[in-house]
1. Within the set Lys74/Lys163; Lys2/Lys66; Lys101/Lys163; Lys115/Lys141, which residue pairs have Cα atoms separated by over 31 Å?
2. If you roll a 1.4 angstrom probe over the protein chains with everything in place, what fraction of the accessible area of the range 76-186 belongs to carbon and sulfur, to the nearest %?
3. For the range 34-109, what percent of Cα pairs sit more than 18 Å apart?
4. What list of ³J(HN,Hα) values in whole Hz, one per residue of the range 118-126 in order, does the Karplus curve 6.51 cos²θ - 1.76 cosθ + 1.60 (θ = phi - 60°) give from phi, with Gly and Pro shown as x?
5. Specify the residue with the greatest mean-square fluctuation among Ile160, Ile169, Ile26, computed from a Gaussian network of the chain linking alpha-carbon atoms under 10 Å apart.
6. Quick one: 3J(HN,Hα) in Hz for the range 112-117, Karplus 6.51/-1.76/1.60 with θ = phi - 60°, rounded, Gly and Pro as x.
7. Give the aspartates and glutamates whose C-alpha is closer than 17 Å to that of Lys134, dropping any in the same chain fewer than 8 places away, or say none.
8. Mind listing the phi-derived Karplus ³J(HN,Hα) values for the range 145-158, rounded to whole Hz, using 6.51, -1.76 and 1.60 with θ = phi - 60°, and x for any glycine or proline?
Amino acid sequence: MKTKYILHGGNAQHVNTQNNKFFWEILKNTKRKVKILLVEFAGRQEKIELNFQIDKSQFERVAGNKELIFEVAKEQDFIDQIKSSDIIYIGGGTTVRLMDKLKDYQNLGAIFNGKVVAGESAGANCLSVYCYSKSGGGIVKGLGLVPVRTIPHYVPGAEIVFKDASPVIESLLLPEYKFKVFEVGH
């Protein structure tokens with residue numbers, strides 16, 4: 001089964017037509033009743049509930065007749081929550097904070113198999129092989145689930161950070177509000 005990964009360049013919580021397309025891309029081709037796991041690990045602890053509500057509202061605005069069931073990810077139940085969800089949405093925040101949490105889970109690629117997994121900003125970074133993170137001090141190694149090196153919040157010229165980076169793989173330069181879809185697996 002293929003896993004659909006969608007990487008977003010940042011500021012997905014803003015209401016605009018580009019973000020509407022992003023959230024609809026996540027929902028399209030899913031069944032009518034969809035369980036969505038909102039992963040808010042990249043944000044500060046005191047903002048988890050606020051980020052959950054904003055991300056939830058972004059999905060609800062474009063859902064049409066789909067019935068959406070939301071759950072906020074909890075570190076102790078994360079693997080079971082992934083297994084029981086159709087969509088895993090990894091929100092933005094601090095890449096290093098998110099990687100510190102995600103790196104402890106083994107075989108995430110296999111557990112994500114056949115699901116829709118979307119990552120915004122820090123979430124996109126962590127799904128990539130490598131990424132650029134200001135808060136992380138430069139190039140950071142991601143989980144390697146999508147075979148790219150990513151720069152979210154991209155502005156022209158920023159790709160210079162990968163000039164000497166190896167291995168040479170596709171650079172995904174994602175301006176805010178832009179996204180790219182990848183199908184990974186069999």
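The values are calculated or read from the model by the stated rules, or taken from the named source; none is laboratory data. Quantities reported herein were computed from a predicted structural model and do not represent experimental measurements. All Cβ positions, even for glycine, are placed from backbone atoms using ideal geometry, and neighbour counts span all protein chains on display. Areas reflect the complete protein model, heavy atoms only, side chains present, ligands, DNA and RNA absent. Shrake-Rupley method; radii C 1.70, N 1.55, O 1.52, S 1.80 Å.
1. Lys74/Lys163
2. For the range 76-186, the apolar C and S fraction of the accessible surface comes to 52 percent.
3. 39 percent
4. Result, rounded to whole Hz: 10, x, 10, 6, 4, x, 5, 4, 5.
5. Per the Cα network of the chain with a 10 Å cutoff, Ile160 tops the list.
6. 6, 3, x, 9, 9, 10
7. Asp100, Glu120, Glu159, Glu176
8. 7, 10, x, 9, 10, 10, 10, x, 6, 4, 10, x, x, 5
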